[in-house]
1. Could you identify the single residue in B:ALA140, B:ALA133 that is assigned to a helix (DSSP H, G or I) and touching a strand residue (DSSP E or B) at 6+ places or on another chain (Cβ under 8 Å)?
2. If only one of A:VAL10, A:VAL59 is at the interface with another protein chain (Cβ under 10 Å from one of its Cβ atoms), over 19 Å from B:VAL362 (Cα atoms) and among the β-branched types (Val, Ile, Thr), which one is it?
3. Output the residues belonging to the stretch B:143-155 that are touching a residue at least 40 places away in the same chain (Cβ under 8 Å), surrounded by fewer than 19 Cβ atoms within 10 Å (Cβ to Cβ) and assigned to a helix (DSSP H, G or I).
4. Read through the list (1) part of a loop (DSSP other than H, G, I, E, B); (2) of a type in the set (Asp, Glu); (3) farther than 27 Å from B:GLU44 by Cα; (4) away from chain A (no Cβ under 14 Å), then give the number of the only condition that B:ASP342 fails.
5. Within the stretch B:279-304, which residues are within 26 Å of B:LEU181 (Cα to Cα), of a type outside the set (A, V, I, L, M) and either in contact (Cβ under 8 Å) with a residue 60 or more places away in the chain or out of contact with any helix residue (DSSP H, G or I) (no Cβ under 7 Å at 6 or more places or on another chain) (or both)?
6. On the basis of being buried (at least 17 other Cβ atoms within 10 Å of the Cβ) and more than 14 Å from chain A (Cβ to nearest Cβ), does B:VAL121 make the cut?
7. Given the condition in contact with a Phe, Trp or Tyr (Cβ under 8 Å, 6 or more places away or on another chain), in a helix (DSSP H, G or I), under 30 Å from B:ILE68 (Cα atoms) and not acidic (Asp, Glu), answer yes or no: does some residue in the stretch B:111-130 qualify?
8. Identify the residue in the stretch A:21-35 that is farther than 14 Å from A:THR2 by Cβ and in contact (Cβ under 8 Å) with a residue 12 or more places away in the chain and, among all such residues, is surrounded by the most Cβ atoms within 10 Å (Cβ to Cβ).
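The values are calculated or read from the model by the stated rules, or taken from the named source; none is laboratory data. These figures come from a predicted structure and were not determined experimentally. All Cβ positions, glycine included, derive from the backbone under ideal geometry; neighbour counts span all protein chains shown.
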Amino acid sequence: MTRVVVDREVCMSAGVCELEAPEVFELDTAGRLQVGEPTDLTAVETAVRACPTGALSLVEED
Amino acid sequence: MSSPTLDLDAVDLSDRRFWGAPPEQRHAVYDQLRRERPFAFFAEPVVPYIEPGPGYHAVTRYADVEAISCQPALFSSGAGAVSIADMPPDLNEFYGSLISMDDPRHGKIRRIVAKAFTPRVLEKLVGNVQAVADDVVARARRTAEDGDGTIDVVADLAAPIPLRVICDMMGVPEGDRALVLRQSNVILSGGDPELVEDEEQMVTAFLKAGEELAGLMARLAAERHAHPADDLTTALVTTEVDGERLTHQEIASFFILLLVAGNETTRNAISQGVLALSEHPAERERWAADPGLTRTAVEEIVRWTSPITWMRRTATQDVELSGQSFPAGSKFLLFYGAANRDPAVFADPHRFDLSRDPNPHVGFGSRGPHFCLGAHLARREIGVAFRAFADQLPDLEVTGPPARLESSFVNGLKRLPARLTGVR
């Protein structure tokens, strides 16, 4: 299974991921990134690539 | 693109007149610098009352712009990102806000601000972008009809859209908006003689403009404390992260940043986008016929126009870039417009192609913590504006060359004459 990992030290809450994959990423009212199940993998991969601070990565788990 | 060889020794990127010339000239220079002198060294422009510094390197290759942007610990913004000279620290922070800060302070403030600036909050706040664009377009048509059919693309279309959107977001009353436009023009004039009449008075003019905006902010903030409203200013004065609030000074300088950055950049992307479409009529027709092109078209307009010419970074220690060594304290100007035409990244870079995809341009800055906070707002404004132009101003015709802002920092137009051919 694929999981999204957020590096909290690096995340700047730019919201680019939320624009690319709004079903998966949401900045909550505290500006903290919430990550759901990576349903649409293509959109998630785009979001990971688009992150301006490189805070997102995908890991494979069994 | 093969271009005649220029005498690079005769080129001075610190001369504001260079930036008032047609963009073909700067792109020819960028191309040659990128090939021959990717870290070309220039003396600093003379600013009255400011001690001139040691000079700077003009970074023109995409890979180097990216390498510098994504290593903020080695390449600092805190020494000043929006001026070539080192400004006094308080001035620097006041006018640069987040832009001229490093972590951890930058991270703290950016996170507080981001809370008020998430895509979903924006969605709610700027649901009216469409209404603003429609209204601006309708007024432009009335202006043409009431006069001789002519309009100024800058004053009648490009300036009012972002001005109204950002002022709506911040809750700036109607009566104060002319002041916002006037003072943000001064702050980003780069000393253009039309906006700052006396160069000797440039610093004074900046200070006065900042003071007026800060005064407006203080008034608004006090009002919002007493009567919270559904706007960004309320969010900024009430937001807390880990028990910390923005100080009054931080709010004032962020307010100025938003007003200035939210106005000038989008305005210049829109006005120069109109110019680019008039120079590429086949692309204009293609977009008019296919609204599905909007996503990639917006990115191409930002790449093509690169409204912010550079941001500065300063080496915090001895550094190496593409095999070259630079001592601590070296200044680098990241020329985004040059990186955005780098053939190593963009196929046929001097071609204006509305369906260019992928388009990893650095018009909003390159990868790193200073990536444009308002990128999603800007994208939306530009997309909505150009669809409104395509649908409601198909008879818009640029009639003459633009008046370019003589500023090295903002790639801007002061005026772009046009007419609506449907008006008789």
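1. Numbers: B:ALA133 fails: touching a strand residue (DSSP E or B) at 6+ places or on another chain (Cβ under 8 Å).
Testing whether each residue is assigned to a helix (DSSP H, G or I) and touching a strand residue (DSSP E or B) at 6+ places or on another chain (Cβ under 8 Å) leaves just B:ALA140.
2. Values: A:VAL59 fails: at the interface with another protein chain (Cβ under 10 Å from one of its Cβ atoms).
A:VAL10 is the lone residue from the list that is at the interface with another protein chain (Cβ under 10 Å from one of its Cβ atoms), over 19 Å from B:VAL362 (Cα atoms) and among the β-branched types (Val, Ile, Thr).
3. Selection gives B:GLU145, B:ALA155.
4. With (1) part of a loop (DSSP other than H, G, I, E, B); (2) of a type in the set (Asp, Glu); (3) farther than 27 Å from B:GLU44 by Cα; (4) away from chain A (no Cβ under 14 Å) applied to B:ASP342, the lone miss is (3).
5. Looking only at the stretch B:279-304, we keep the residues that are within 26 Å of B:LEU181 (Cα to Cα), and these are B:298-299, B:301-304.
Next, only the ones that are of a type outside the set (A, V, I, L, M) stay: B:299, B:303-304.
Across the stretch B:279-304, the qualifying residues are B:GLU299, B:ARG303.
6. Working: buried (at least 17 other Cβ atoms within 10 Å of the Cβ): yes; more than 14 Å from chain A (Cβ to nearest Cβ): no.
No; evaluated as a whole, the condition is false for this residue.
7. Keep residues of the stretch B:111-130 that are in contact with a Phe, Trp or Tyr (Cβ under 8 Å, 6 or more places away or on another chain), which gives B:113.
Among the residues that remain, those that are also in a helix (DSSP H, G or I) are: B:113.
This time we only want the ones that are under 30 Å from B:ILE68 (Cα atoms), so: B:113.
Right, trim to not acidic (Asp, Glu) and you get B:113.
Yes, there is a match, as at least one residue in the stretch B:111-130 is in contact with a Phe, Trp or Tyr (Cβ under 8 Å, 6 or more places away or on another chain), in a helix (DSSP H, G or I), under 30 Å from B:ILE68 (Cα atoms) and not acidic (Asp, Glu).
8. Here is the first cut: in the stretch A:21-35, the ones farther than 14 Å from A:THR2 by Cβ are A:22-23, A:25-34.
Then drop every residue that is not in contact (Cβ under 8 Å) with a residue 12 or more places away in the chain, which leaves A:23, A:25, A:27, A:31-33.
Numbers: A:GLU23: 13, A:PHE25: 25, A:LEU27: 22, A:GLY31: 22, A:ARG32: 16, A:LEU33: 23.
Selected residue: A:PHE25.
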